[in-house]
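Presented below is the structure to which this report refers.
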Amino acid sequence: MKASRKHGISDLDIRHFIYTTFAGSCRPPTTHETAGNFGISIAAVENAYERLAAAHHIALAPGSHAIWMAHPFSALPTNFAAEAEHKKYWGN
């Protein structure tokens, strides 16, 4: 996966943060949260999200950089729900 030349943050690092956030809070991180976590620009996060979406690691809401899905997690309610440790997760 590609790394940001300026910051040394790889797409794999960002993908891991997405999954960690989903697992911990039952929702995906925003671009602002991701940028803040890594100390990088929102534009750098948007570029990474686009590369992750192009590689089918995540799905973005049309016309935005909001994460809709990072398999198996869904940011939107679906007919497939699971509960663990008092948390409810939506799946695709």
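Report every pair of residues separated by at least 6 positions or lying on different chains whose Cβ atoms are under 6 Å apart, first residue within segment 30-43 and closer than 15 Å to G8 by Cα and in contact (Cβ under 8 Å) with a residue 24 or more places away in the chain, second in a loop (DSSP other than H, G, I, E, B) and open to solvent by 50 Å² or more (accessible area, probe 1.4 Å).
I40/H7
Looking only at segment 10-21, filter to residues that are surrounded by 14 or more Cβ atoms within 10 Å (Cβ to Cβ) and either of a type outside the set (A, V, I, L, M, F, W, C) or modelled with pLDDT under 95 (or both); which one of those is farthest from F73 (Cα to Cα)?
Among them, the one singled out is S10.
The values are calculated or read from the model by the stated rules, or taken from the named source; none is laboratory data. Treat the numbers as computed from the prediction; the structure is a model and nothing was measured. FYI the Cβ positions are ideal-geometry reconstructions off the backbone, even for glycines, and counts take in every protein chain you see. The protein model used for the area step is the full one, side chains on, heavy atoms only, and it has no ligands, DNA or RNA in it. Shrake-Rupley method; radii C 1.70, N 1.55, O 1.52, S 1.80 Å.
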